[in-house]
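All of the numbers you see were taken from the coordinates with simple rules; none came from a lab. What you are looking at is a predicted structure, and each value in this text was computed from that prediction instead of being measured. When we count neighbours, we look across all protein chains shown, and the Cβ atoms used for this are built from the backbone with ideal geometry, even at glycine.
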Amino acid sequence: MKAMEQGYRHGARAILPLIVPVIGFGVTFGVLAREAGMGILAPVVMSATTFAGSAQFAASSILGVGGGAVAAIVAALLLNARYTPIGLTVAGAIEGPSWLRFLRSQLIVDESWAVATTPEGVDGRRLIGAGLVLYATWVTSTLVGALGARILGDPATLGLDAAFPAVFVALLVPQLAGRRPRLAAGLGALIALALLPWAPAGVPVIAATAAILVGWSR
Amino acid sequence: MKVWVVVAAAGAGTAILKAAGPLLLHGRPMSPRAQRMLSLLAPALLSALILVQVLGVEDGIRFDERLLGVGTAIVAAALRAPIWVVVGVAALVTALARLV
């Protein structure tokens with residue numbers, strides 16, 4: 001019992017340095033989702049149920065420019081597709097009956113996974129401890145952002161329409177280590193550019209996923 | 001209504017994606033090719049999202065102040081600035097460019 005508690009606490013402590021950026025990210029999501037016309041409650045519920053930053057930003061940004069529900073959902077799920085392979089690396093470390101494993105697996109996000117990964121593999125308890133802290137922080141800061149958004153005023157004069165792509169820039173840059181991710185990013189942008197002038201909203205982004213074919217051969 | 005459909009479907013779909021490994025595939029590994037291609041989804045999607053949001057307007061493409069803002073964001077992100085700095089300078093530069 002003692003060792004178990006220690007594992008959770010270890011994870012909760014390990015995530016603390018990341019809390020301030022997560023608050024900034026969550027508040028940003030709350031503000032931008034409200035500006036995109038999602039209201040106050042929906043962004044908070046989304047943070048509590050989807051609990052994955054980039055997918056939430058993608059879905060709300062597509063809604064904000066008048067894209068369809070299907071395009072927003074598909075974009076969000078494609079961005080979260082990485083959680084299946086990440087979940088595979090965690091599979092052996094998540095304990096308990098199926099329902100508990102289901103709930104615990106919801107705490108898998110990039111940050112909790114990162115602090116739980118050790119040279120010996122993923123520490124499941126550390127992941128849960130870190131994930132719980134991240135979850136509470138993420139949902140609360142979304143609410144703060146959504147409530148505070150109106151103080152800001154008109155999104156266009158404030159340059160907030162440039163804020164969404166800036167978020168994606170901040171998420172993309174750390175991913176560009178290595179030749180293949182760069183190739184995929186470049187090709188994805190090219191596909192989107194080719195389709196943007198004439199395809200329906202949302203389609204260019206989804207079509208850009210064809211760029212993952214650069215990973216076909218070694 | 002549309003917003004809630006998106007919230008519900010994105011939430012349910014993400015829950016399944018996250019739980020798939022620990023619940024169903026318990027220990028069975030994916031092929032290296034599938035892993036490789038899945039790891040490229042995020043860069044491909046993010047760069048497409050950036051492009052669409054920097055250039056897209058309702059009826060096609062427009063080059064405007066957003067380009068300056070996001071250009072600044074790229075510099076800030078390359079310098080490893082925290083996310084709210086990246087977002088803040090992008091909004092600020094775009095707003096200032098619109099004033100000029």
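Taking the simple approach of a point 7 Å from Cα along Cα-to-Cβ for both A:Leu183 and A:Ala207, what is their distance in nm?
2.2 nm
For B:71-83, what's the mean count of beta carbons from other chains sitting within 10 Å of each residue's beta carbon?
5
Helix A:163-172: angle to the longest alpha-carbon principal axis of chain A, degrees 0 to 90, nearest 10?
Tilt of helix A:163-172: around 50 degrees.
Using the 10 angstrom Cβ neighbour count as an exposure proxy, how do B:Val5, A:Val22 rank, fewest first?
Least to most surrounded, the residues fall as B:Val5, A:Val22.
With just the Cα atoms of the stretch A:8-49, tell me how far they stretch along each of the three principal axes, in Å, largest first.
Principal extents (Cα only, largest first): 39, 18, 9 Å.
Using the number of other C-beta atoms within 10 angstrom as an exposure proxy, rank B:Lys18, B:Lys2 with the fewest first.
With the sparsest Cβ surroundings first, the list reads B:Lys2, B:Lys18.
Of A:Asp161, A:Asp110, how do they rank once you tally other Cβ atoms within 10 Å and put the fewest first?
So the ranking, lowest neighbour count to highest, is A:Asp110, A:Asp161.
What nm distance separates the two modelled labels at A:Trp216 and A:Trp198, each placed 7 Å from Cα along Cα→Cβ?
For A:Trp216 paired with A:Trp198, the spin-label model returns 2.4 nm.
In square nanometres, what is one fourth of the surface area of the convex hull spanned by the alpha carbons of the protein assembly as shown?
The orientation-averaged projected area of the Cα hull of the protein assembly as shown comes to 16.1 nm².
For chain A, take the longest principal axis of its alpha carbons; what is the angle in degrees between that and the long axis of helix A:19-33, to the nearest 10 within 0 to 90?
Helix A:19-33 sits roughly 40 degrees off the main axis of chain A.
Semi-axes of the equivalent ellipsoid of the stretch A:58-111: what are they in whole Å, largest first, if each equals the square root of 5 times a C-alpha gyration tensor eigenvalue?
Listed largest to smallest, the semi-axes of the stretch A:58-111 are 29, 11, 8 Å.
Measuring from the lowest to the highest alpha carbon on each principal axis, how far does chain B reach, largest first, in angstroms?
58, 39, 25
If you line up the long axis of helix A:179-195 against the longest principal axis of chain A, both from Cα atoms, how many degrees apart are they, to the nearest 10?
Once rounded, one gets 30 degrees.
Could you work out [θ]222 nm for chain A from helices alone, using -39500 (n - 2.57) per DSSP H run of at least four and dividing by all its residues? Round to the nearest 500 deg cm²/dmol.
Helix contribution divided over all residues of chain A: -20000 deg cm²/dmol.
With a length cut of 15 Å (Cα positions projected on each helix's long axis) and a Kyte-Doolittle mean of at least 1.6, go through chain B and give me the DSSP H helices that pass.
B:41-55, B:83-99
Determine one quarter of the surface area of the Cα convex hull of the stretch A:113-218, which equals its mean projected area, and express it in nm² to one decimal.
About 10.4 nm², averaged over all directions.
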